Amino acid sequence: MATGSGSLMWFRKGLRIHDNPALERASGASSFLYPVFVIDPRYMAPDRRAFSPGSSLAGLNRIRFLLESLSDLDSSLRKLGSRLLVLKGDPGEVLVRCLKEWNINKLCFEYDTEPYYQSLDEKLKSFASSAGIETFSPVSHTLFNPADIIEKNGGRPPLSYQSFVKLAGKPLWESSTLNLSISSLPPIGDVGSMEISEVPTIIELGYSDSELVDETPFRGGESEALKRLKEFLPNKAWVANFEKPKGDPSAFDKPDTTVLSPYLKFGCLSSGYFYQCLNDVYRDVKKHTQPPVSLLGQLLWRDFFYTVAFGTPNFDRMKGNRICKQIPWDERDELLAAWREARTGYPWIDAIMVQLKKWGWMHHLARHCVACFLTRGDLFVHWEKGRDVFERLLIDSDWAINNGNWLWLSCSSFFYQYNRIYSPISFGKKYDPNGNYIRHFLPVLKDMPKEYIYEPWTAPLSVQTKAKCIIGRDYPKTVVGHDSASKECRRKMGEAYALNQRLNGSVSEQDLKNLRRKLEEDRTEEDEELDGFLVKSVVDTHRILRSGACSSISAHRDSLF
DNA sequence: TAGAAGTTGAACCG
DNA sequence: CGGTTCAACTTCTA
């Protein structure tokens with residue numbers, strides 16, 4: 001056995017130097033330090049069957065963000081006399097090989113609550129322990145340890161934000177000094193026969209230039225995160241008065257939030273450090289907003305979802321998920337595809353989906369609009385389908401938070417007022433009456449007059465011609481009429497809720513099947529009524545036309561759906 | 001068991 | 001632009 005002691009620091013999230021207890025422990029009292037990142041082909045390598053450029057798990061924007069974060073980490077490590085050792089393969093297998101090959105007696109990595117790492121880390125820990133290697137795996141991704149909160153609550157996670165906040169209280173480290181820098185790191189030991197590479201480029205991962213079209217404006221990395229943080233912190237009034245629901249989802253040149261979510265997701269920014277920075281500002285001002293709407297409240301939301309996700313089996317599914325209402329969502333792939341590909345015919349919805357595809361980031365309220373539209377608001381498509389699209393394309397997609405929000409927005413859990421539906425027309429209009437956001441992300445509509453930009457199908461043909469955008473040719477017709485579709489959704493949600501209540505939550509697949517059939521039968525009857533309405537409506541239109549009271553029948557298109 | 005509360009609805013009114 | 005109404009869900013609390 002070689003002399004001295006070697007530590008292996010395994011980076012997964014937590015891609016930072018500041019406030020990184022695992023890295024600190026790994027570098028202390030060690031002769032050698034091996035800072036490792038494992039490129040998992042499943043997460044990084046191209047999967048050309050996927051619906052957009054990227055791997056089977058991540059869109060290209062997030063992969064790029066990750067690579068930038070790794071490069072930044074590597075360059076910070078080099079300044080400290082070390083570097084990032086990049087390896088390729090299945091992370092579990094690669095790590096075991098490293099532990100066998102190198103003279104390691106201490107393995108450090110940040111604790112992770114996601115099911116993927118829970119099972120992987122368990123295996124790795126047991127290998128390490130059998131090999132006499134010490135492991136250190138601190139909770140440093142979140143403010144609180146989810147397990148502590150669950151224990152305080154008698155073994156089950158709190159299911160409301162308020163009860164979470166009450167249970168959580170203040171973090172133990174609130175007024176302690178976080179370690180924000182490291183002066184130097186131990187040298188890298190002999191890497192033996194392990195194949196080490198530099199941080200790869202996108203091209204080196206196997207992507208082609210033609211796939212690199214939609215590039216997010218947000219650059220990854222710890223340096224970038226701290227720069228962003230330091231740009232807005234001096235604006236104390238903005239920090240103190242931040243109220244999440246008052247943000248403007250249509251602001252894109254200067255987003256109305258911090259856009260720190262992708263940095264928190266990868267741990268380029270420590271949530272604990274961010275928490276302390278916010279408290280420093282709060283101390284300096286007379287008054288400030290409070291959770292849930294304040295900036296600090298946003299960090300608590302993050303911890304809330306991490307806690308519930310950690311303590312809820314099958315959190316990412318409807319079936320077998322005890323906090324999820326069982327709802328007979330439709331299987332209509334053509335509606336899902338229209339939503340995903342930004343061709344629902346509702347410019348507000350489609351513009352948001354384009355921003356998702358191009359930027360990998362949208363304002364929180366914009367996410368609400370498209371999530372509500374896909375599920376309980378209009379299309380009645382399963383929230384898991386929308387979750388998959390977000391999970392792939394968002395640069396900040398985070399297992400706990402993404403699933404939590406889809407449960408929320410689809411009224412499957414946490415939030416139950418299914419009658420409150422975002423209008424795909426009026427919601428965006430109240431922030432951005434001119435439709436600048438739509439014009440930017442859907443240039444095909446850039447010359448549409450503002451009177452029609454949220455409902456271009458109501459524009460007279462002459463206006464469409466002048467705007468060089470004929471609806472049905474240059475921009476799609478609406479896939480559903482919002483008035484009738486949302487009414488239908490309310491009815492289905494009402495029936496589904498009644499079923500869940502009647503069966504006290506234990507709804508079987510057969511129960512859902514029966515409800516589906518019942519809903520279908522009722523719809524048939526309603527369709528007949530609707531047909532009657534249609535005839536009347538056509539007659540009305542005809543009468544209006546003859547009387548010359550209305551110059552455009554296209555305004556009636558929505559009701560004629 | 002009743003009443004209040006819940007991160008951010010829409011339409012309407014003044 | 002802020003308040004009220006509409007129609008109404010579940011969960012928490014007293």
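The values are calculated or read from the model by the stated rules, or taken from the named source; none is laboratory data. This one's a predicted model, so the numbers in the text were calculated from it and none came from an experiment. Please note: Cβ atoms are built from the backbone with ideal geometry, for glycine as well, and neighbour counts cover all protein chains shown. Calculation scope for accessible area: heavy atoms of the full protein, side chains included, ligands and nucleic acids excluded. Shrake-Rupley method; radii C 1.70, N 1.55, O 1.52, S 1.80 Å.
Ignoring ligands, DNA and RNA, what accessible area per residue does region A:430-514 give at 1.4 Å, in Å²? It would help to have the intermediate numbers written out before the result.
Values: 4480 Å² over 85 residues.
Here the per-residue accessible area is 53 Å².
Could you please state, rounded to a whole Å, how far the C-alpha centre of region A:476-498 is from the C-alpha centre of region A:218-236? After rounding, the separation between the Cα centres reads 42 Å. For region A:6-139, carbon and sulfur atoms together expose 52% of the accessible surface, with a 1.4 angstrom probe and every protein chain in place. Using Cβ point charges alone (K and R +1, D and E -1), the dipole size of region A:24-177 about the Cα centre works out to roughly 200 debye. In terms of Cα to Cα distance under 23 Å, which lysines are near enough to A:LYS170, apart from those fewer than 8 places away along the same chain? Within reach: A:LYS152, A:LYS236, A:LYS244, A:LYS265, A:LYS286, A:LYS287. With the Kirkwood sum run over all distinct C-alpha pairs, region A:6-139 has a hydrodynamic radius of 15.5 Å. With the largest listed first and rounded to whole Å, the semi-axes of the equivalent ellipsoid of region A:159-293 from the Cα gyration tensor are 34, 24, 15. Orientation-averaged projection of region A:362-434 equals 5.1 nm² [convex hull of Cα atoms, one quarter of hull surface area].
Spatially, region A:239-256 and region A:1-70 are offset by 32 Å when compared through their Cα centroids.
One equal scatterer on each Cα of region A:333-526, no solvent, Debye formula: the resulting log10 I(q)/I(0) at q = 0.07 Å⁻¹ is -0.22.
Entry comment: accessible area of region A:180-250 is 54 Å² per residue, from protein heavy atoms only and a probe of 1.4 Å.
Helix by helix through chain A, keep the DSSP H runs that span 18 Å or more along the axis on Cα and average at least 0.5 on Kyte-Doolittle, and give those back in order. Please report the intermediate quantities before stating the final value.
Working: long enough: A:60-79 (29 Å, -0.23); A:115-130 (23 Å, -0.84); A:271-284 (20 Å, -0.74); A:295-310 (23 Å, 0.92); A:482-502 (29 Å, -1.51); A:509-547 (54 Å, -1.21).
Counting only whole DSSP H runs, the qualifying helices are A:295-310.
Here chain A is treated with +1 on each Lys and Arg Cβ and -1 on each Asp and Glu Cβ, and its dipole about the Cα centre works out to around 1100 debye. Cα centroids of region A:340-411 and region A:279-295: 30 Å apart.
Mind grabbing the base-10 log of I(q)/I(0) for chain A at q = 0.05, 0.07, 0.09, 0.10 Å⁻¹? Debye formula, identical points on the C-alpha positions, no solvent, two decimal places. Once normalised to I(0) and log-transformed, intensities are -0.25, -0.48, -0.76, -0.92. By the Stokes-Einstein formula, at 1.306 mPa s and 10 °C, region A:143-194 with its Kirkwood radius over alpha-carbon pairs has D equal to 108 µm²/s.
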